[in-house]
Structure formats: C-alpha cells, structure tokens
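Taking it in order: structure first as structure tokens, then the write-up.
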Amino acid sequence: MFTMGVDIGSSASKCIIMKNGDTIVAKSLASVGAGTSGPEKAINEVLRQFGGDLSQISWICATGYGRNSLKEANKEVSELSCHAKGAHFLFPGVKTVIDIGGQDVKALHMDGAGRLLNFVMNDKCAAGTGRFLDVMSRVLETKISDLAQEGAKSTKKVTISSTCTVFSESEVISHLANNETIPDVINGIHCSVASRIAGLAKRVGVEAPVVMTGGVASNFEVVRYVSEELNASIATSPLSQYNGAIGAAIYAFEAYRHQLEDDALTIGTSK
C-alpha cells in the first residue's frame with residue numbers, strides 16, 4: 001500500500017511517498033510553497049522517483065499552511081499533528097520537538113509514545129524563523145546554505161538585540177558599516193535566533209529527548225546555540241525538513257487502512 005504526504009509550507013513544498021506506513025520510497029522538495037506551483041512540482045518529482053502515477057497511490061494527506069488548496073488530497077491534517085507523527089517516526093521516544101518553519105516556530109511537548117501533550121507557536125512574527133535567516137543572508141550577500149559554515153569562522157560575538165526583523169536588518173547594516181566581519185555578524189544572528197527559539201521552547205517545557213526539525217535544522221550553528229541555551233542535547237536528521245510530509249503520509253496510511261476496515265465491516269454486516 002502506497003500513501004503520499006504533502007506538506008505545503010509558506011516557503012517550500014515537501015512530498016513523501018511511503019510503503020505500508022513505515023518505509024519511505026520517494027521524497028521531493030520544491031523551494032516554493034503555498035499559492036505557487038511548488039506543490040505540483042513536488043508531487044511530479046516524487047512520482048518521477050517513484051516510477052508511477054497517482055493511480056497507484058491509495059491515499060493522499062495534505063498538511064501545512066496551504067493544505068486546504070491541494071485538490072488531490074483525500075484528507076487534510078493540521079501541521080502540529082503531522083509534525084508530532086513525523087517526529088515520532090524519525091526519533092522514536094521523542095518528548096520535545098522544535099520545528100522552525102519559513103514563517104513560524106513550533107515547540108511540541110510529547111509523551112514519548114507519539115502523542116502530542118502541549119504546544120506553543122510563534123506565527124505572528126518572522127523573528128527566529130527561516131524567513132528571518134533568509135532576509136539576513138540577503139543583506140550579507142551570503143547564501144543561506146552557507147550561513148553555518150561562515151558563522152563557524154567567527155572570532156567574537158556581535159550582539160543583535162532587536163526582536164524585529166526590520167530593526168535587526170538595520171543593526172546588521174550598522175555592524176557592517178563599523179567594519180565588523182561577516183562571520184562575526186552571522187554568529188551574532190545565530191545567537192539571536194537561538195535565544196528566541198529557546199525562549200519559546202522553555203514555555204512548553206523542555207524534556208529529553210529533544211529534536212529539531214524544519215529547514216533550519218540543517219544549520220548546525222543554530223542547533224548548537226539552541227542546545228547551549230536549553231542545556232540539552234538536540235538530535236537532527238537529514239530528513240528533518242520532510243518531517244511534516246512524513247507525518248502526513250503516515251496519517252494517510254492510517255486513514256486508508258481504517259476505511260478498508262470499515263468497508264469490510266459493512267460488507268460483513270450486510271451478509
């Protein structure tokens with residue numbers, strides 16, 4: 001049985017095909033999200049890797065910011081539920097999940113068995129999100145994928161104190177005008193982001209094991225500083241950015257299996 005999970009975020013679209021709800025057979029990512037051609041591109045690419053078409057997919061579940069816009073979906077599930085489900089798949093026994101998306105940050109408290117107990121979410125401000133890092137990388141004329149490597153070259157900490165993206169941008173420009181090095185400024189940005197993320201996580205209660213998901217999880221300097229702020233080890237995965245899509249694919253499997261069970265019960269009752 002093959003199911004598909006599609007996570008349509010604000011800045012990227014991720015797609016996963018799973019076999020029997022426990023094996024990933026194909027994955028894709030398009031660097032554009034809701035309201036764009038991103039979801040279509042992600043689906044087309046994952047089907048290309050899969051070597052089949054939608055007729056071979058038993059059930060499709062959509063999640064994320066643009067989940068209501070995917071006409072191919074059989075089911076829509078909140079991103080919180082999908083991130084909890086995906087995190088438990090990638091990190092069995094996880095109790096704290098910190099997910100950094102393009103425009104929001106989520107901290108989930110789980111029971112270790114995959115159930116979501118509580119959460120806090122920052123979706124009103126770009127501070128501490130992937131979008132914040134994207135804006136800063138443009139000001140610094142540095143690829144966002146190079147921020148961690150460049151920041152690791154820093155020899156001193158430069159303070160970025162503003163909590164607003166616009167004001168932080170002004171601070172960065174001022175530091176550059178004062179001849180601060182780009183690695184030192186990036187290091188200051190990472191520390192600022194980590195402080196905001198850790199503050200959010202502390203509100204939900206941090207309990208080990210702790211993991212980080214979302215695209216920013218690939219920035220090892222942000223992960224390191226968040227770990228220091230929380231005084232806790234943080235695990236990541238090469239599949240961290242696909243976490244929501246993985247959870248959606250598992251939900252799709254469970255939904256289709258329940259439908260089959262209900263159909264079998266209906267047939268049995270009618271005999």
Practice item. Convert 25 °C to kelvin, take the viscosity as 0.890 mPa s, use the Kirkwood radius over C-alpha pairs of the range 109-238 as Rh, and evaluate the Stokes-Einstein diffusion coefficient in µm²/s, rounded to a whole number. Key: 161
**Study point:** Most to least packed among 94-104, 146-156 [average Cβ atoms within 10 Å]
**Key:** 94-104, 146-156
Exercise for review: Taking amide H positions as placed in the peptide plane 1.01 Å from N, state which residues far from V25 in sequence (5 or more) or on other chains have amide H under 5 Å from it.
Suggested key: I17, M18, K19
Revision key, fill the gap. By the mean-Cβ-within-10 Å protection proxy, highest first, 235-247, 61-73 rank as 235-247, 61-73
Revision key, fill the gap. With 0.36 nm assigned to each residue of separation and the Cα-Cα distance removed, V25 to F220 gains 67.5 nm
**Study point:** Whole-Hz ³J(HN,Hα) from phi, Karplus 6.51 cos²θ - 1.76 cosθ + 1.60, for the range 67-74, glycine and proline x
**Key:** 4, 6, 9, 8, 5, 6, 6, 8
Exercise for review: Could you pull the Rg and Dmax for the chain, using just the Cα atoms, both in Å?
Suggested key: 20.0, 82
Review point. Cross-link list K157/K202; K27/K85; K14/K157; K27/K71; K27/K156: which exceed 29 angstrom alpha carbon to alpha carbon?
Key: K14/K157; K27/K156
Point to revise | Förster radius 35 Å - calculated FRET efficiency between A208 and A152 (Cβ-Cβ, nearest 0.05) | key: 0.85
**Study point:** ³J(HN,Hα) computed for each position of the range 135-145 - Karplus, 6.51 cos²θ - 1.76 cosθ + 1.60, integer Hz, glycine/proline x
**Key:** 4, 5, 5, 5, 4, 8, 6, 10, 4, 4, 6
Revision key, fill the gap. For the range 1-149, inverting the pair-averaged 1/r of distinct alpha-carbon atoms gives a Kirkwood value in Å of 16.3
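Rule-based calculations on the coordinates, nothing more; no lab input. Remember, predicted model here, so these are calculated numbers, not experimental data. All Cβ positions, glycine included, derive from the backbone under ideal geometry; neighbour counts span all protein chains shown.
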